[in-house]
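Read the figures in this text as sums done on the coordinates, not as results from a lab. All of these numbers come straight from a predicted model, not from anything done at the bench. FYI the Cβ positions are ideal-geometry reconstructions off the backbone, even for glycines, and counts take in every protein chain you see.
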Amino acid sequence: MIILRSLLLMASVGLFIILSLGCSTGNNQAMEEEIWLISNLTQKAELRLEQKTFASALQNEESAVENDVGNDRNSDTTKEEEIEEETPGEESMDEGENEEKGDKETAKEVETPSSKDDKQENGGEQMRGSVTFKVLTESELMGNYERAYQYYSSTKNQDIRDWRVFSENEMSVIVISGGMKNTGGHYIEVMKVENKEGMTVIQVKEHAPGPGDMVTQVMNNPIVVISVKASELHDVIEVINDKGQPFEKHSSSAY
């Protein structure tokens with residue numbers, strides 16, 4: 001465009017010079033021919049200048065349109081990437097919630113009674129080893145365990161050698177009677193309560209007065225009563241003596 005403008009300027013200057021020469025020489029025909037050539041050249045230069053100007057404007061407009069389209073595409077791409085980045089996070093939350101629900105369901109399954117029974121039958125650690133027990137007095141038995149106390153009262157003056165388990169107030173009360181003895185001085189000692197091999201074993205030792213001991217000359221039935229948390233006992237219970245033999249029972253019953 002700068003070159004075309006220079007050409008137009010040169011043509012104008014040439015036209016001026018020719019006019020001057022024509023006026024000075026008086027050669028009208030030559031002057032007219034020169035004027036026609038310069039005018040034609042000037043018109044062509046102006047037309048070319050206009051075409052160049054129009055083409056440049058059109059190119060600038062197309063470039064602006066392409067830039068706008070490119071910006072829109074970049075904006076759409078950025079939004080899609082942001083959406084894709086947010087989506088995995090939501091999926092991770094869903095997966096975390098599913099895993100948490102699965103863990104809770106697993107915990108619930110572990111806590112079911114059948115699972116607990118399976119563990120007990122298989123000798124789980126929570127049902128093995130020594131079990132804490134308490135020896136109850138007659139007053140404690142009477143005030144807290146009605147059914148066990150009734151059995152105790154009906155047994156202590158009869159020749160009954162037996163043991164019974166009563167479940168009351170989330171406790172298991174075990175009443176063990178040794179049978180009628182001719183004198184006092186006899187008693188039963190609970191040595192230990194132990195869970196092993198799917199059962200609860202209560203080991204007792206029966207004591208008798210030694211030769212020459214001062215004892216009452218009254219017949220009585222030695223009885224010992226213990227309490228244990230019901231949740232710490234197996235369903236199968238066995239009472240043995242200090243020699244590891246089963247505690248013998250009489251056929252008599254208090255009921």
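Computed values, structure above
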{"read-out": "Relative exposure of 140, 170, judged by other C-beta atoms within 10 Å (fewest first)", "value": "170, 140"}
{"read-out": "Label point distance in nm, residue 138-residue 218, each placed 7 Å from Cα along Cα→Cβ", "value": "0.8"}
{"read-out": "Alpha carbon convex hull of the range 125-240, projected area averaged over orientations, nm²", "value": "7.5"}
{"read-out": "Selection from 131, 143, 155 lying farthest towards where the dipole of the range 125-240 points positive, charges on Cβ", "value": "155"}
{"read-out": "Unit charges on C-beta of K, R, D, E only; dipole of the range 128-255, Debye", "value": "120"}
{"read-out": "Pairwise Lys count, the range 125-240 - Cα closer than 13 Å, eight or more residues apart or different chains", "value": "4"}
